[in-house]
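Written below as structure tokens is the structure these notes are about.
The values are calculated or read from the model by the stated rules, or taken from the named source; none is laboratory data. The model shown is predicted, which means the values in this text are computed figures rather than measured ones. Neighbour counts run over all protein chains shown; Cβ positions are idealised from the backbone, glycine included. Accessible surface areas use protein heavy atoms only, side chains included; no ligands, DNA or RNA. Shrake-Rupley method; radii C 1.70, N 1.55, O 1.52, S 1.80 Å.
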Amino acid sequence: MFVFLGPPGAGKGTLAKRLSEVLHIPHISTGDIFREEMAKGTALGKLAKQYIDKGDLVPDSIVSEIVKGRLSQKDCEKGFILDGFPRTLQQAEALEEMSNELHRPLKAVVNLQVSEEEIIRRLSGRRICRNCGAIFHIVNMPPKKEGICDFCGGELYQREDDTPEAIRHRLQVYHQQTEPLIRLYKEKGLLVDINAERPIEETIQHLVKIAEGNDLH
Ligand code: AMP
């Protein structure tokens, strides 16, 4: 089991997805799960939307239940990459319980490091495919055709929580609630700091090397 930690805009989603393709293990993003539920208009989606659009965290008990359900599915047996979970100390405790129950130890926590200036630049230019969830950036990773997903032809949109006000709030929430996890995992000897300001291909190669050096399954 592999966890991706880092502030919003650090590239968790993009990097975790790429690494999951290389390692052939599922990429589990709690943010993606919520966005899918919101797009479908389910009760969970409606509930999550109230928090997400403002840049707040969805309550721990809800997120942990969802992750627990997802990790017990068959495709997770060979390992998985968690992106965006845990985000609080309480979630980290819940994850530890799940990992004990599933006999799947946490092998490494990748801490993606990126400056606040770069975060704002990345998030304000980010565009997401409404259909498949692929991530683009209007400058760094533009789609071949403006507003259209390269992979499925879906419409690209800007997340509600990528507005300047929500970004500021999400960063605050990150510093208050998620940053303490860095110390926790450092003390456990699991933390791997990664400079995530480099071009994406360089970071991917670095991550693959780390993954190959660890038995991540
Ligand atoms: P992300 O796509 O990881 O940036 O997540 C988008 C939003 O979903 C976050 O800003 C939160 O509102 C919510 N979310 C995702 N993962 C979690 C989590 N582990 N705990 C609480 N809220 C979450």
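The table for this structure:
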{"item": "Heavy-atom accessible area order for Ile138, Ile33, largest first, 1.4 Å probe", "result": "Ile138, Ile33"}
{"item": "Of all accessible heavy-atom area on the chain, the percent that carbon and sulfur account for (1.4 Å)", "result": "50"}
{"item": "For the chain, diffusion coefficient by Stokes-Einstein and Kirkwood Rh (Cα), 25 °C, 0.890 mPa s, µm²/s", "result": "139"}
{"item": "Beta bridges by DSSP in the chain, antiparallel share as percent, to the nearest 5", "result": "30"}
{"item": "Where only C-alpha atoms are counted, convex hull volume of segment 142-217 per residue in Å³", "result": "166"}
{"item": "Kirkwood-Stokes translational diffusion coefficient of segment 1-124, alpha-carbon pairs, 20 °C, 1.002 mPa s, µm²/s", "result": "142"}
{"item": "Values of log10 I(q)/I(0), in the order q = 0.12, 0.21 Å⁻¹, for segment 79-154 under a Debye, Cα-only, solvent-free model", "result": "-0.55, -0.95"}
{"item": "Loop trypsin sites (Lys or Arg not before Pro), segment 107-182 (other Cβ atoms within 10 Å of the site Cβ: 11 or fewer; DSSP)", "result": "Lys144, Lys145"}
{"item": "Heavy-atom accessible area per residue - the chain, 1.4 Å, Å²", "result": "53"}
{"item": "Percentage relative contact order, the chain, counting C-alpha pairs under 8 Å, at least six apart", "result": "31"}
{"item": "Inter-label distance, nm, simple model (7 Å from Cα along the C-beta direction), Gln113/Asn100", "result": "3.2"}
{"item": "FRET efficiency for Thr163 and Met141, using Cβ-Cβ distance with R0 set to 35 Å, rounded to 0.05", "result": "0.95"}
{"item": "Simple Cβ-charge dipole of the chain, Lys/Arg +1 and Asp/Glu -1, about Cα centre, in debye nearest 20", "result": "340"}
{"item": "Selection from Cys152, Leu191, Leu89, by position along the positive dipole direction of the chain (Cβ)", "result": "Cys152"}
